[in-house]
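Here is the structure we will look at.
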Amino acid sequence: MASTARKVEEPKIPPVIENKMTKRRYTVGKFLGKGGFAKCYELIEEDTHNVFAGKVVPKTLLQKQHSKEKMAQEIEIHRSLDHPHIVGFKSFFEDENFVFVILEMCSKKSLMELHKRRRALTEPEVRYYMRQICFAVKFLHDTHIIHRDLKLGNLFLNDAVEVKVGDFGLATRVNFEGERKRTLCGTPNYIAPEILCKKGHSYEVDIWSLGCILYTLLVGKPPFETKTLNETYSRIKRNKYTIPPGLDADAALLIRELLQDDPKARPNISQVLDSAFLQGENIYSRAKYFSFSGFCPPRLPSSCLTTAPRFD
Ligand code: ADP
């Protein structure tokens, strides 16, 4: 019977695409990855040979008013942001079949691939990545944006192994001080308890996700991981996680502060940046000074993507 069922043909992506407004043309290069709606390709700008990442979304997937609005909201938020640790938004345009979003290229993939390859990272690396993520989140919160899906796969790395926060598909704007968001269409990876319990949520959900990210980078696995989503959600609601013995005391303290069940009890992003773990190097602590334990490298070599660096 399958032979009679006709599959709707997806339109093919042309080899060269053009932004009719600016007359800029891009050669479509290699496939970078696939998301919920978008396929992502390397795009080479014809005039300059600059390389970008192009998200290509077939309009067949944007027929429902709701999907159109979500895509428009993602673009509206992302295009308004300009920060060294947020994926740069260059432009967007469409042809009859596709919407194209032209983004800064992050050629070293994301912290997801890094995590899969390396598992637990060294403390100085974690400090390096976390500080950059927190700089981006501070900028977002200062501009009244909640990302709502901070996870390793949305923390991209450029050629210089610098973090670029991306994917604003679940992001939202806070319209007035004290506003509590009631709905969220999608399933964030490191979901906060107040979202699961539908209590109303705000900036604190990003702080919770930072706690999950910090834990995962240091320990090598997420804090609430189980075999099933239901069991994971149950652990999140019961705040059931354990910190392995031997973890740096400043890191353990920060994890406990970030992963508090009560959103009001969590530190704000400026307080996170001021924490002993992220401030690092404390010249008054001889033990720390000689063990390099507060060290934050100014940059990391590409070899870190596959093997642990040595800082001695
Ligand atoms: P999602 O559906 O999760 O939003 P995206 O559409 O953002 O996924 O991205 C899909 C894939 O495309 C990613 O997993 C990644 O491999 C790749 N990608 C996205 N943005 C970039 C970028 N700026 N640079 C390089 N690759 C990217």
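Please treat every number below as a calculation from the coordinates, not as lab data. Keep in mind that this is a model prediction, so the values were computed, not measured. FYI the Cβ positions are ideal-geometry reconstructions off the backbone, even for glycines, and counts take in every protein chain you see.
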Among 89, 178, 114 - extreme Cα towards positive end, dipole of the chain, charges at beta-carbon = 114
Given charges of +1 on the Cβ of Lys and Arg and -1 on the Cβ of Asp and Glu, with all other atoms neutral, how large is the dipole of the chain about its Cα centre, in debye to the nearest 20?
-> 940
Is the shape of the chain rounded, prolate or oblate, going by the alpha carbon gyration tensor and its root eigenvalues a ≥ b ≥ c, with a/c under 1.5 for rounded and a/b larger than b/c for prolate?
-> prolate
Pairs 68/240; 23/55; 30/59; 34/116: which are spaced more than 29 Å apart, C-alpha to C-alpha?
-> 68/240
Do any GluC sites (Glu not before Pro) in the range 79-125 lie in a DSSP loop with no more than 12 other beta carbon atoms within 10 Å, and if so, which?
-> 96
With only helices counted (DSSP H, runs n ≥ 4, each -39500 (n - 2.57)), the per-residue ellipticity at 222 nm for the chain, to the nearest 500, works out to -9000 deg cm²/dmol
Do any trypsin sites (Lys or Arg not before Pro) in the range 174-251 lie in a DSSP loop with no more than 15 other beta carbon atoms within 10 Å, and if so, which?
-> 180, 182, 198, 199, 227, 240
For the pair residue 76 and residue 199, the simple spin-label estimate (label points 7 Å beyond Cα toward Cβ) gives in nm 3.0
Tell me, what is the percent relative contact order of the range 1-160, built from C-alpha pairs under 8 Å that lie six or more residues apart?
-> 17
In what sequence, highest mean first, do 129-135, 114-120 appear when ranked by Cβ atoms within 10 angstrom?
-> 129-135, 114-120
So the FRET efficiency between residue 225 and residue 180, C-beta based with R0 = 35 Å and rounded to 0.05, is 0.80
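FRET efficiency for residue 243 and residue 30, Cβ-Cβ distance as r, R0 = 35 Å, nearest 0.05?
0.25
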Backbone HN-Hα couplings from phi across the range 122-132 [Karplus 6.51/-1.76/1.60, Hz, Gly and Pro as x] | 6, 4, x, 5, 4, 4, 4, 5, 4, 4, 5
The farthest towards the positive end of the charge dipole of the range 207-274, of the residues 268, 216, 234, given +1 on Cβ of Lys and Arg and -1 on Cβ of Asp and Glu, is 234
